[in-house]
1. Collect the residues in the stretch 289-320 that are modelled with pLDDT of 95 or more, open to solvent by less than 10 Å² (accessible area, probe 1.4 Å) and within 20 Å of L107 (Cβ to Cβ), keeping them in residue-number order.
2. Name the residue that is nearest to the ligand (Cβ to nearest atom), counting only residues in the stretch 103-115 that are open to solvent by less than 30 Å² (accessible area, probe 1.4 Å) and either more than 14 Å from L247 (Cα to Cα) or of a type in the set (F, W, Y) (or both).
3. Looking only at residues that are touching a strand residue (DSSP E or B) at 6+ places or on another chain (Cβ under 6 Å) and open to solvent by less than 70 Å² (accessible area, probe 1.4 Å) in the stretch 54-97, which one is farthest from G284 (Cα to Cα)?
4. Looking at (1) on the phi > 0 side of the Ramachandran plot; (2) touching a residue at least 24 places away in the same chain (Cβ under 8 Å), can you tell me which one G86 breaks?
5. Name every residue in the stretch 221-236 that is within 23 Å of I210 (Cα to Cα) and either of a type in the set (D, E) or within 13 Å of the chain's Cα centre (by Cα) (or both), in order of residue number.
6. May I ask you to say which residue of V122, V118, V100 is of a type in the set (A, V, I, L, M), within 16 Å of the ligand (Cβ to nearest atom) and open to solvent by 20 Å² or more (accessible area, probe 1.4 Å)?
7. Which of the residues spanning the stretch 340-360 are over 22 Å from the mean Cα position of the chain (by Cα) and open to solvent by less than 40 Å² (accessible area, probe 1.4 Å)?
8. Can you tell which of Q94, Q176, Q184 is out of contact with any Asp or Glu (no Cβ under 9 Å at 6 or more places or on another chain) and assigned to a loop (DSSP other than H, G, I, E, B)?
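The values are calculated or read from the model by the stated rules, or taken from the named source; none is laboratory data. Fair warning: this is a prediction, and the values are worked out from it, not measured in the lab. Neighbour counts run over all protein chains shown; Cβ positions are idealised from the backbone, glycine included. Please note that ligands, DNA and RNA were not included when accessible areas were found on the heavy atoms of the full protein model with its side chains. Shrake-Rupley method; radii C 1.70, N 1.55, O 1.52, S 1.80 Å.
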Amino acid sequence: MNPLPTDQLLAIDRQHVWHPYAAMPNPLPTFPVKSAQGVHIELEDGRTLVDGMSSWWTCIHGYNHPRLNQAAQDQIGRMSHVMFGGLTHQPAVQLAQRLVDLTPPPLQQVFFCDSGSVAVEVAMKMAIQYWYNLGKPEKHRFLTVRGGYHGDTFDAMSVCDPVTGMHHLFNQVLRQQYFANIPQIPFWGVWNDTDIQSFEQLLVENHGKIAAAIFEPVVQGAGGMRFYSPDYVRRARELCDQYGVLLILDEIATGFGRTGQMFACEHARVAPDILCIGKALSGGFMSLAATLTTPHISQVFSQGDAGVFMHGPTFMANPLACAVALENLALLDSYDWRSKIQQMEAQLKAELAPCRESPLVREVRVLGGIGVVELREPVDMAVMQSRCVDHGVWLRPFGKLLYTMPPYVIEPRELSCITQAMVALTR
Ligand SMILES: *Cc1c(COP(=O)(O)O)cnc(C)c1O
């Protein structure tokens, strides 16, 4: 591939290439990237940005990591892909074993998926088919909380926040789900059962129709970057058990250390019946996600008419993605990531605190490696985006949120570049 001149690249990009959540034609400006190394993104014009986004929570060990590159190259030399129907291979099996070891003990079965949205679809299909196999096909709806985000495919969308999730566009086709109020008690707040009252009420009234509750434990990500009480997760687990409803936790954003625990559900000391993981699992290399479940659930698929689980993506358990993910988890194992995240949390708290003095700022919140400045008014994305670049950092503000979740390997002085930019941008 010979590189195009930058102006030509941008012209074709504007005319033909559809970007995420973008208009076409006439999208907002994009910044052409030449390469990326460690926590730095190098633009075609030679500017270098400190990455505050980890490429949407994925690239926890930085770009162009020699060990991840090596793992990919070694695997390319053996095979980049084989179908997973009827075949199996070292990368998938070893990664599955590693995931079973890392996740809460009840989770023993691993279903590999090609993206987070698919992992959510798979989780929801698993729950529906579980009840179907048990002779309760009427249990096929889902209970969730407002303010969530679970991906952009249809059933994942059906459990996203009904307002920010653009339900009005797809109302005719989205399955109707049950929405409890947004959890209000913050992460460090004192628990009060009233916070989960609407969730409980929906269970009381509709548990006969509900297959599972599904939500993001402790951190609501793209739906609003909110941190809420682990006691909510703990109580939800109890209520699901009480009313005979499965619990699906979506840890696609929170998994693998981001909140200070390996999985956010560990803050609440609960295990779900079904767990969705993705994003950081991949090391930011190529798309990979997984849905894990318990022997109790999976064994139902070995009985009855609709025995097998009806799902099997073409690129399921892609060997390259699995080999890199395995090395990414080995990397995570090779240093004290817990203290690294604690340091990041302390630094984000200290250095973002001055944002509170700005009249533009409604709230500043930090948990683990996530720093959020919530503004009073929505940002002009194009303006804010280029101001971030002018400050030498890569952030992707949306709505009223200016936020960062940097790679774990970021150095304190590089993290300061990000926090200084965030402080400056809220002046
Ligand atoms: C990103 C995300 C998804 C969707 O993952 P994709 O890989 O983008 O399909 C689902 N759930 C949560 C919590 C996410 O953050």
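1. Within the stretch 289-320, A289, A290, T291, L292, T293, I297, A317 meet the criteria.
2. Going through the qualifying residues, I end up with C113.
3. Ranking the qualifying residues of the stretch 54-97, first place goes to A96.
4. Of the numbered conditions (1) on the phi > 0 side of the Ramachandran plot; (2) touching a residue at least 24 places away in the same chain (Cβ under 8 Å), the odd one out for G86 is (2).
5. If the condition is that a residue be within 23 Å of I210 (Cα to Cα) and either of a type in the set (D, E) or within 13 Å of the chain's Cα centre (by Cα) (or both), then G223, D231 are the ones that fit.
6. Only one candidate qualifies: V118.
7. Passing the criteria: Q347, L352, A353, C355, S358.
8. Just one listed residue meets the conditions, Q176.
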